[in-house]
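Please read the structure below before turning to the comments.
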Amino acid sequence: PAECAMFQCGGCWAVLGDSLHLCAQEERRLGLLVCYRVTNNVVWEDSLMIGLEGALLGCAYNVLSCQSCGSNLGFILYSAPSDLAYLRGLFCFFKDSIVCYLLEKQIIIQASKVNFPAVTLEE
């Protein structure tokens, strides 16, 4: 409970998921919180996008957005190079696009300023 949080849209504060479903964090290149389960407030495009530059170069992915306000929240990787393969099929939220409601402290804080316990699927 001390480290539990709800993830909310940075635009409208719709609830997107929670830290109980947090399964990885990627800080080095993309600044992501990765969940294996989200709420119905998260929607994704059926069509695949292809990364043409930056950290998602050569990746195929579906864009995640907020159903309430349409804000871009992140992506679901469909195809990726081996160093990002562990993220395939999971809900990847950009930390800069979401906020966290910390249950114990009862405060809302930018996700990029929260340090969750080390969790990784990379191994």
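Of the strands (runs of 3 or more DSSP E) entirely within segment 6-72, those holding at least 1 residues that are hydroxyl-bearing (Ser, Thr, Tyr) and farther than 12 Å from residue 97 by Cα occupy 60-66. Close Cβ contacts (under 8 Å, 6 or more residues apart or on different chains) running from residues in segment 102-113 that are surrounded by fewer than 15 Cβ atoms within 10 Å (Cβ to Cβ) to residues that are at pLDDT below 90 and of a type in the set (A, V, I, L, M, F, W, C) comprise 104/2; 104/4.
Counting only residues that are under 22 Å from residue 87 (Cα atoms) and acidic (Asp, Glu), segment 1-25 holds 1 of them. For segment 61-99, a residue qualifies if it is among the small types (Gly, Ala, Ser), more than 17 Å from residue 46 (Cα to Cα) and modelled with pLDDT under 95, and the qualifying residues are 80, 82, 85. As a summary of the residue check, residue 101 satisfies the conditions (1) closer than 12 Å to residue 7 by Cα; (2) among the hydroxyl-bearing types (Ser, Thr, Tyr); (3) not in a strand (DSSP E or B) except for the one numbered (3). Could you tell me whether any residue of segment 77-96 is open to solvent by 30 Å² or more (accessible area, probe 1.4 Å), in contact with a Gly (Cβ under 9 Å, 6 or more places away or on another chain) and in a helix (DSSP H, G or I)? There is at least one residue in segment 77-96 that is open to solvent by 30 Å² or more (accessible area, probe 1.4 Å), in contact with a Gly (Cβ under 9 Å, 6 or more places away or on another chain) and in a helix (DSSP H, G or I).
When both residues are 6+ apart or on different chains and their Cβ atoms are under 9 Å apart, which pairs have a first residue that lies in segment 33-48 and is closer than 20 Å to residue 80 by Cβ, and a second that is part of a loop (DSSP other than H, G, I, E, B) and among the aromatic types (Phe, Trp, Tyr)? Within 9 Å, the pairs are 33/116.
Return yes or no: is residue 19 in contact (Cβ under 8 Å) with a residue 24 or more places away in the chain, of a type in the set (Ser, Thr, Tyr) and open to solvent by 10 Å² or more (accessible area, probe 1.4 Å)? I'd like the intermediate steps shown before the answer.
On the way: in contact (Cβ under 8 Å) with a residue 24 or more places away in the chain: yes; of a type in the set (Ser, Thr, Tyr): yes; open to solvent by 10 Å² or more (accessible area, probe 1.4 Å): yes.
Here the answer is yes, as residue 19 does meet what is asked.
If you filter segment 1-16 down to residues that are over 13 Å from the mean Cα position of the chain (by Cα) and aliphatic (A, V, I, L, M), you find that the one that is most open to solvent (accessible area, probe 1.4 Å) is 2.
The values are calculated or read from the model by the stated rules, or taken from the named source; none is laboratory data. Small disclaimer: the values here were computed from a predicted structure and weren't measured. Glycine gets a Cβ as well: all are built from the backbone with ideal geometry, and neighbour counts include every protein chain shown. Note: accessible area is taken over every heavy atom of the protein model, side chains too, but ligands, DNA and RNA are not part of it. Shrake-Rupley method; radii C 1.70, N 1.55, O 1.52, S 1.80 Å.
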